[in-house]
1. Tell me which helices (runs of 4 or more DSSP H) are completely within the stretch B:73-158 and hold 3 or more residues being more than 14 Å from chain A (Cβ to nearest Cβ), modelled with pLDDT under 90 and surrounded by fewer than 21 Cβ atoms within 10 Å (Cβ to Cβ), or say none if there are none.
2. From the list A:Glu177, A:Glu206, A:Glu160, A:Glu197, which one is modelled with pLDDT of 90 or more, charged (D, E, K, R), assigned to a helix (DSSP H, G or I) and closer than 21 Å to A:Leu73 by Cβ?
3. What's the total number of residues in the stretch B:116-132 that are of a type in the set (Val, Ile, Thr) and more than 10 Å from the chain's Cα centre (by Cα)?
4. Kindly establish whether A:Ala183 is among the small types (Gly, Ala, Ser), in a helix (DSSP H, G or I) and in contact with a Lys or Arg (Cβ under 9 Å, 6 or more places away or on another chain).
5. Taking the stretch A:19-46 only, how many residues are facing chain B (nearest Cβ under 7 Å) and either of a type in the set (Gly, Ala, Ser) or surrounded by fewer than 13 Cβ atoms within 10 Å (Cβ to Cβ) (or both)?
6. Quick one: is A:Gly54 facing chain B (nearest Cβ under 9 Å) and at pLDDT below 85?
7. Test A:Asp86 against the criterion of being surrounded by fewer than 20 Cβ atoms within 10 Å (Cβ to Cβ) and either within 14 Å of another protein chain (Cβ to nearest Cβ) or under 18 Å from the mean Cα position of the chain (by Cα) (or both), and give yes or no.
8. If you check A:Gly81, A:Gly76, which single one turns out to be in contact with a Leu (Cβ under 8 Å, 6 or more places away or on another chain) and surrounded by fewer than 18 Cβ atoms within 10 Å (Cβ to Cβ)?
Amino acid sequence: MSNKKEREKRREERLQEEAKVQTGDRRTKLLQFGAGAVFLVIVAVVVLIVASSGGSSGGDAQNLKEVAAVDSLVNGVPQDGMVIGDPSAKVELMEYGDLQCPVCKAYSEEILPQVIENKVKSGKARIVFHNFTIIGEQSLPAGAATLAAGEQGRGWNYLELFYRNQGEENSGYATDEFLEAVAKAAGVKNIAQWNKERKSKALTSEVEATTAQAQRYGFTGTPSFAIKGPSTNGVELLGTVSTPEEFEEAIEEAS
Amino acid sequence: MNFPSEANLRRAIALVAALGIGVATYITIADSGGGAPTCLAGGGGCETVANSSYSHIAGVNVAVFGIIGYIALFLTAFFANDLARFAGFAISLGGFGFSVYLTYLEIFKIEAICQWCVASAVLMTILFLLNATRLIGYAGTDGEVGSAEPPESEAGLA
């Protein structure tokens, strides 16, 4: 009798022992899986970050940035060719820039938006962009592409979007693919027409002509600015203008 | 090492996941009409982030993936078994990793911060810590073994 009881007791102890081992095994396995998952997620995050950091220098046709920001800046403002603003505005501010120029990009992003908001949208001034190609050989096709977008009323969309996605100077990013991606994102409707016009003699000659004009004015760098209004003596060159307030003051003085 | 009771961890997971569902749903609804979430502290960060090319994957707002993840995490809180513990850990780990990536994009690529995205990232980080504690503390146990409190009924958690 006592033997039977002992046997049962030992059997119970053995079962408990086995259950404990099984539970321990399951726990070890789960924690190992967990550690493996942590490793995989760390690798995935690092790969994602490295992969996306490749395009940080801009010039990425596949991943154009700030399309909406450009739309909200220039949409609703009259455009004609490379003129933005009311055609009958008294003051005309002329910008001579190179699409590859990083300082022009900085002006476009940090200074001109306030001038557009305060002076162009109110009808006091219009801004005209002229190409002054001094950076490199891709500056001319980029400039002509902008003028061709202007032919379809999207010149400033193109200009602003190009600046916001500008790559490193002369790194060769301004390929046909990049130029066309900007055109599509800038809302150029007839891409076939745009492609034809940007390569036309008329527009490439215009880029060369405005570059020559800038040199005649004595400009040596981009962007350079000139202004014309009722209170100016014809076209007046603006010296170093580096804040939106200085532009606004110049517009007030010229009007 | 003293772990909080599993019942308490499950309660906390359910609560934080519910908050996450709310935040992700708000972002999705605000974005669906072509708009953007409103930044409570002002500034245009939310609009910039919502309008960036990173806000959608294959045409689907990333917040939708957030809703799915938070709902799944919410459900894992209702079961006290190894499957729920591991699923909770794995989902929150994935969510945490994705939040790290999205925060990197906000700071270095989009150069704008959306408070709603930060809120979601914080909630996902808390969920990851809770689920990791739950897995380490209770993996391999049955039911509410090790709880400091008597087992909660499933209805009591809801």
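The values are calculated or read from the model by the stated rules, or taken from the named source; none is laboratory data. Model, not experiment: these values are computed from the prediction. Methodologically, a virtual Cβ is constructed for each residue, glycine included, from the backbone with ideal geometry; neighbour enumeration extends over all protein chains shown.
1. In the stretch B:73-158, the matching helices (runs of 4 or more DSSP H) lie at B:154-157.
2. It is A:Glu160.
3. 1
4. Spelling it out, A:Ala183 is indeed among the small types (Gly, Ala, Ser), in a helix (DSSP H, G or I) and in contact with a Lys or Arg (Cβ under 9 Å, 6 or more places away or on another chain).
5. Count: 4.
6. Values: facing chain B (nearest Cβ under 9 Å): no; at pLDDT below 85: yes.
No; evaluated as a whole, the condition is false for this residue.
7. No.
8. When all the criteria are applied, what remains is A:Gly81.
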